[in-house]
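The values are calculated or read from the model by the stated rules, or taken from the named source; none is laboratory data. Keep in mind that this is a model prediction, so the values were computed, not measured. Here Cβ is always computed from backbone atoms with ideal geometry, including for glycine, and neighbour counts include all displayed protein chains.
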């Protein structure tokens, strides 16, 4: 069918009903899939402000978040030619995370929201989708968009993190406000040896080491992008025409 | 258009005359209209999950901290039994409702060699509605899963039946499984010709992969609780036991294949409806 014909058919009331159902399905599945993936891979790095260090969070965080977001990005482009799959997934995973933080972490367990805020990936998702839209190439998107995803994750979220990195001295020891909040809110699932997430060895590099971490994050995300494409192809596209027949 | 093109013999074979069906709120194929199914299913799903959250807020701390107390059994195991009843009811109703091919479709094909486009669109709409309702329970999985993570940070390990586990493992996970299985079951019994062609045989991979996520989730629950009950695995939250939960949810991407296989037929049937041409709704794959 021609594009004009498809556009005209899309105005039919039944076509609009299908649009509503598709939107409902996408909202639900693009909340659950990336959210479960994120809570299990990022886990405590996303839950607690004192876990947002300069070594693991900048690398594990964006890589975990990118994996399933890329699947949405790929499937939206493949099936619908819409450059908004990653943004859609990033928005709804953040909505799901905030609902959980407000009604569970704060509403039931009384952790303050400034202790349990989730990291955002929306700016990076916008960049990823736009680069695919402009380049029309997954290869270019992986090198530019994937790298940007990892590279700007920390700077973007640092805007929310920086107040908690202020140093304080208590009982002769110097640490951050985030560390102090972590000491006060005891968590039985977080063992003692993990209480000080920001480890000492790379502290000697002072302000420069975070750039080493974000560089590694960019490289990692470039690879993770292709893992996400693979999952999308294997589970979202390949079954389209495959039928298991009796031989 | 359907009325003009439907032969008298097909109408006579219809289970219930059209006017009576309209009065009963059903379509000509005797099923609930798909938008009504979606609205009712989504509303009940969201309402049930909201009510469970309110129940948790009210009874979590007063009676939910000690699984050995009789109050715990009353308030929390009572909720568990209610959830089991709902699960069994939804599963049985879904299985029985869609276990046979549509009689109207069979009559159309026998008499006219094709299915009425509006009739087929209603079937496709019902398939999409079942997927949309499944997604509502996915939303619940997303919420209750992270709630469980937060709960485990303020208490030490309890039994498998905790105020956070009961809505997660014994309601939203199995409901997601049941609804995705109903989607595949519906596609198999009502729209199989769209996936394998008229007279074709075999099982499309999307039928199997879409509910496979739910199956894997439930299987991993069993493995997880066995592990938590038998071994001390609380060193790190992100344990190897928990990774399959994430991998299982990836299988829900097969829903794209399940739904988008029907998209060309949607447009063809819409075209036939709007232009009043003879549709080509009976296709080889």
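Considering only helices (runs of 4 or more DSSP H) fully contained in the stretch A:1-76, which possess at least 2 residues that are at pLDDT 90 or above and touching a helix residue (DSSP H, G or I) at 6+ places or on another chain (Cβ under 6 Å)?
In the stretch A:1-76, the matching helices (runs of 4 or more DSSP H) lie at A:13-41.
Residues that are more than 27 Å from residue B:58 (Cα to Cα), in a loop (DSSP other than H, G, I, E, B) and either more than 7 Å from every other protein chain (Cβ to nearest Cβ) or within 11 Å of the chain's Cα centre (by Cα) (or both): does the stretch B:128-142 have at least one?
No, there is no match, as no residue in the stretch B:128-142 is more than 27 Å from residue B:58 (Cα to Cα), in a loop (DSSP other than H, G, I, E, B) and either more than 7 Å from every other protein chain (Cβ to nearest Cβ) or within 11 Å of the chain's Cα centre (by Cα) (or both).
Consider residue A:64 carefully, then state whether it is over 15 Å from the mean Cα position of the chain (by Cα) and crowded, with 19+ Cβ neighbours inside 10 Å.
no
Here's the yes/no breakdown for (1) at pLDDT 85 or above; (2) in a helix (DSSP H, G or I); (3) within 25 Å of the chain's Cα centre (by Cα):
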position	(1), (2), (3)
A:175	no, no, no
A:180	yes, yes, no
A:197	no, no, yes
A:203	no, yes, no
A:216	yes, yes, yes
A:232	yes, yes, yes
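Just wondering, is there one or more residues in the stretch B:275-283 that are in a helix (DSSP H, G or I), at pLDDT below 90, under 29 Å from residue B:170 (Cα atoms) and more than 9 Å from chain A (Cβ to nearest Cβ)?
No: the stretch B:275-283 contains no residue that is in a helix (DSSP H, G or I), at pLDDT below 90, under 29 Å from residue B:170 (Cα atoms) and more than 9 Å from chain A (Cβ to nearest Cβ).
I'd like to know if the stretch B:199-209 contains one or more residues that are surrounded by fewer than 21 Cβ atoms within 10 Å (Cβ to Cβ), closer than 27 Å to residue A:236 by Cβ, in contact (Cβ under 8 Å) with a residue 60 or more places away in the chain and touching a strand residue (DSSP E or B) at 6+ places or on another chain (Cβ under 7 Å).
Looking through the stretch B:199-209, none of the residues is surrounded by fewer than 21 Cβ atoms within 10 Å (Cβ to Cβ), closer than 27 Å to residue A:236 by Cβ, in contact (Cβ under 8 Å) with a residue 60 or more places away in the chain and touching a strand residue (DSSP E or B) at 6+ places or on another chain (Cβ under 7 Å).
So, in the stretch A:77-123, of the ones that are assigned to a loop (DSSP other than H, G, I, E, B) and under 17 Å from residue A:232 (Cβ atoms), which residue ends up farthest from the other protein chains (Cβ to nearest Cβ)?
A:83
Name the residue, out of B:165, B:152, that is more than 8 Å from chain A (Cβ to nearest Cβ), more than 17 Å from the chain's Cα centre (by Cα) and either at pLDDT below 95 or over 27 Å from residue B:209 (Cβ atoms) (or both).
Testing whether each residue is more than 8 Å from chain A (Cβ to nearest Cβ), more than 17 Å from the chain's Cα centre (by Cα) and either at pLDDT below 95 or over 27 Å from residue B:209 (Cβ atoms) (or both) leaves just B:165.
Answer with yes or no whether residue B:244 is closer than 25 Å to residue A:47 by Cα, more than 8 Å from chain A (Cβ to nearest Cβ), out of contact with any strand residue (DSSP E or B) (no Cβ under 9 Å at 6 or more places or on another chain) and modelled with pLDDT of 85 or more.
When the stated conditions are applied, residue B:244 passes them.
Could you please find all residues in the stretch B:185-224 being assigned to a helix (DSSP H, G or I), out of contact with any helix residue (DSSP H, G or I) (no Cβ under 8 Å at 6 or more places or on another chain) and at the interface with chain A (Cβ under 9 Å from one of its Cβ atoms)?
Matches in the stretch B:185-224: B:196 only.
Looking only at the stretch A:31-63, how many residues end up being under 28 Å from residue B:210 (Cβ atoms) and facing chain B (nearest Cβ under 9 Å)?
So the answer is 13.
Could you list, in sequence order, all residues of the stretch A:234-247 that are in a strand (DSSP E or B) and surrounded by 15 or more Cβ atoms within 10 Å (Cβ to Cβ)?
In the first step, residues of the stretch A:234-247 are kept if they are in a strand (DSSP E or B); the result is A:243-244.
A:243, the sole residue that qualifies.
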